[in-house]
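Structure first, commentary second.
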Amino acid sequence: MTIKKRIVIWYTIWMSFLVIVTLVILLSGSGMLVRREAIADLEEAVNDAAEDIWIRNGRVITDDVSFFDDGAYISIWDKSGMLEGRFPEDAPSAEFQNGVIQNPQGESGAWYYLDIEIGNGIFVRGVARSYDVGLFVSSMQILIFILLPVLVLLAALGGYYIVRRSFKPAEKVIRTAEEIADSDDLSKRIALGDGSDEIHQMATAFDNMLERIEAAFEKEKQFTSDASHELRTPIAVILAESEYAGGHIDDCKKMEEAFSVISKQAAKMSNLVSELLMLARSDKGTLHLHPESFDLGELGEMVVSTLEEKASCKNILLSVKAAPGVVVTADQGMIARVMINFVSNAITYGRDGGWVILRIAERNGFAVIEAEDNGIGIDKTHIERIWDRFYQVDPSRSDNSSGAGLGLSIAKEIIIAHGGHVSVESIIGQGSTFRAELPMG
Ligand code: ADP
């Protein structure tokens, strides 16, 4: 059963129940009130009459008595019958009972009787009709049995209409979800438009979620296609070289050349696969860090010494400027990897005959690693995407031995895993500064 039907049925049943209970209480309450009122009037009339009747010398004197007072008929009786007064013709006869309210039923309806003995077997009898209550109750019954079902029906229909209208956007949410499931098209949106009710809020949240899922899905697709693309080239080279070597089995020199190419490409593939593995681990949150305390400046010196040869090939002056005693607790191998990436990039994209400085400093409670060059720089349009996986401003300029555009994204993941953050400043044609900041202590 749909929520719409459940809501309407629920409140219709409750509403009917409440109205019936209220009416029953009202009816019995007001019926009782009317009855009490009638009896009180009758008692007053009979008591007034009894006070005004005198028995003198065996004669009943009724000079001041009113025989019809406020709906009550007053009559005076002794054993032989009615002596005086008014007694309705259609009222039934009843035994005399002193001070007792009787409720005899006549052919024309119900009555109230009250008798008061004033002495010598003489009674004052008050008689009043009780038809008012019956009329009230029966008219209310008509209301309950005819009007109530109509009102409940109207309320149910009105309620169903409002609930249906309110739930209409929910149907759009369901339809969109079904369409996405059927077509695998994550670009679809519910787009309910303006509105502040819960369903609009839900639709907006759903659209935002779709936006993020689509972006993540696209990123994933792009990543897979980039990875396959990067792996395809070395595989093709390996295949071609293997074939070439196979055709020159007698020529040692050519064979050696072919194997050297194969080995280089295999190393490239191995490097790429290990980088992919590292990113996958980072995504899964299973990147295992082995933290230890070490001096960043000393690590910087080591990194620079391993890259000296690469720098000298381009006549780049490579130097370290390290503040003393910048000690961090981190995974040394991984931090070295970040430094190597920064400095190696600075050399690759540096100017021939230029300079590269690796700076280690402490700033605002953070250990700062900075690699500055006076190389080609990065255009503003690329700077946002520079940390993305496989992103290269100009793939043809990348270092042939490493570059697949994963270095910076891995560096970023490493620094984030250590609780730090990365940033870059660059001016095209003037140079760049890549920075990683690590929390200290
Ligand atoms: P790769 O160097 O393998 O291409 P990276 O992720 O290390 O991959 O770098 C991504 C891209 O960022 C590079 O292709 C290059 O375009 C740009 N880049 C990185 N460092 C610098 C730098 N110091 N100067 C100019 N461009 C840089």
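The values are calculated or read from the model by the stated rules, or taken from the named source; none is laboratory data. Treat the numbers as computed from the prediction; the structure is a model and nothing was measured. Positions of Cβ are backbone-derived with ideal geometry, glycine not excepted, and every protein chain shown enters the neighbour counts. Keep in mind that these areas ignore ligands, DNA and RNA; they rest on the heavy atoms of the full protein, side chains included. Shrake-Rupley method; radii C 1.70, N 1.55, O 1.52, S 1.80 Å.
Taken along its principal axes, the alpha carbon cloud of the chain reaches lengths of 162, 56, 37 Å, longest axis first.
Extension gain for Ile427 to Asn208 (0.36 nm times residue separation, less C-alpha to C-alpha distance): 75.3 nm. Local charge sum around Ile13 (other residues, Cβ-Cβ under 13 Å, Lys/Arg +1, Asp/Glu -1)? Its environment carries a net charge of +2. Heavy atoms of the protein chains alone define the surface here; on that basis the range 192-320 has 67 Å² accessible area per residue at 1.4 Å probe size.
Surface calculation, 1.4 Å probe, protein heavy atoms: Lys168 sits at approximately 110 Å² accessible. Over all directions, the projected convex hull of the C-alpha atoms in the range 334-395 averages 5.3 nm² in area.
For the chain, the carbon plus sulfur part of the accessible surface works out to 57%, probe radius 1.4 Å. Rolling a 1.4 Å probe over the protein chains gives Ser319 an accessible area of about 40 Å². For the range 103-196, the relative contact order comes to 14 percent (Cα pairs under 8 Å, sequence separation of at least 6). The alpha carbon centroids of the range 207-228 and the range 74-143 are separated by 94 Å.
If both residues of a DSSP beta bridge must be in the chain, then about 90% of such bridges are antiparallel.
For the chain, averaging the sequence separation of C-alpha pairs within contact (under 8 Å, six or more residues apart) and dividing by the residue count gives a relative contact order of 9 percent. Principal axis extents of the Cα atoms in the range 306-441, from largest to smallest and rounded to whole angstrom, are 41, 29, 26.
For the range 218-375, the ratio of Cα radius of gyration to the globular rule of thumb 2.2 N^0.38 Å stands at 1.33.
Add +1 for every Lys or Arg and -1 for every Asp or Glu among the other residues with Cβ under 9 Å from the Cβ of Leu210, and state the total.
Here the charged neighbours net out to 0.
Once you divide the Cα radius of gyration of the range 49-184 by 2.2 N^0.38 Å, the number left is 2.29.
Using helices alone, I'd like the mean residue ellipticity at 222 nm for the chain: each DSSP H run of four-plus residues gives -39500 (n - 2.57), total over residue count, nearest 500.
Helix contribution divided over all residues of the chain: -18500 deg cm²/dmol.
Within the range 301-441, antiparallel bridges make up roughly 80 percent of the DSSP beta bridges whose residues both belong there. Could you calculate the contour length gain from Trp54 to Thr224, that is, 0.36 nm times the residue separation minus the distance between their Cα atoms, to one decimal place in nm? Separation in residues times 0.36 nm, less the Cα-Cα distance, equals 49.3 nm. The value of relative contact order for the range 159-270, using C-alpha pairs under 8 Å at least six residues apart, is 17 percent. Pair-distance distribution of the range 1-113: all C-alpha pairs, bin width 5 Å, starting at 0; shares per bin in whole percent are 2, 9, 14, 16, 14, 9, 6, 5, 5, 4, 4, 4, 3, 2, 1, 1, 0, 0. Three semi-axes describe the equivalent ellipsoid of the range 208-281; taken as square roots of 5 times the Cα gyration tensor eigenvalues and ordered largest first, they are 38, 12, 5 Å.
Exceedance of the 20 Å cut-off in Cα-Cα distance is limited, within the set Lys188/Lys221; Lys4/Lys172; Lys221/Lys284; Lys310/Lys380; Lys5/Lys188; Lys321/Lys412, to Lys310/Lys380; Lys5/Lys188; Lys321/Lys412.
Give the calculated FRET efficiency between Ser319 and Tyr244 to the nearest 0.05, with a Förster radius of 51 Å applied to their Cβ-Cβ distance. The pair Ser319/Tyr244 has a calculated efficiency of 0.70. Val100 sits among other residues whose Cβ lies under 12 Å from its own Cβ, and their net charge, with Lys and Arg +1 and Asp and Glu -1, is -3.
Accessible surface of Val393, taken over heavy atoms with a 1.4 Å probe and every protein chain present, rounds to 70 Å². Its alpha carbons considered, the range 171-227 gives a radius of gyration followed by a Dmax of 13.3, 45 Å. Reported value for the range 141-289: 192 Å³ per residue, from the convex hull of its C-alpha atoms.
Using every pair of separate Cα atoms, the Kirkwood estimate puts the hydrodynamic radius of the range 281-367 at 13.9 angstrom.
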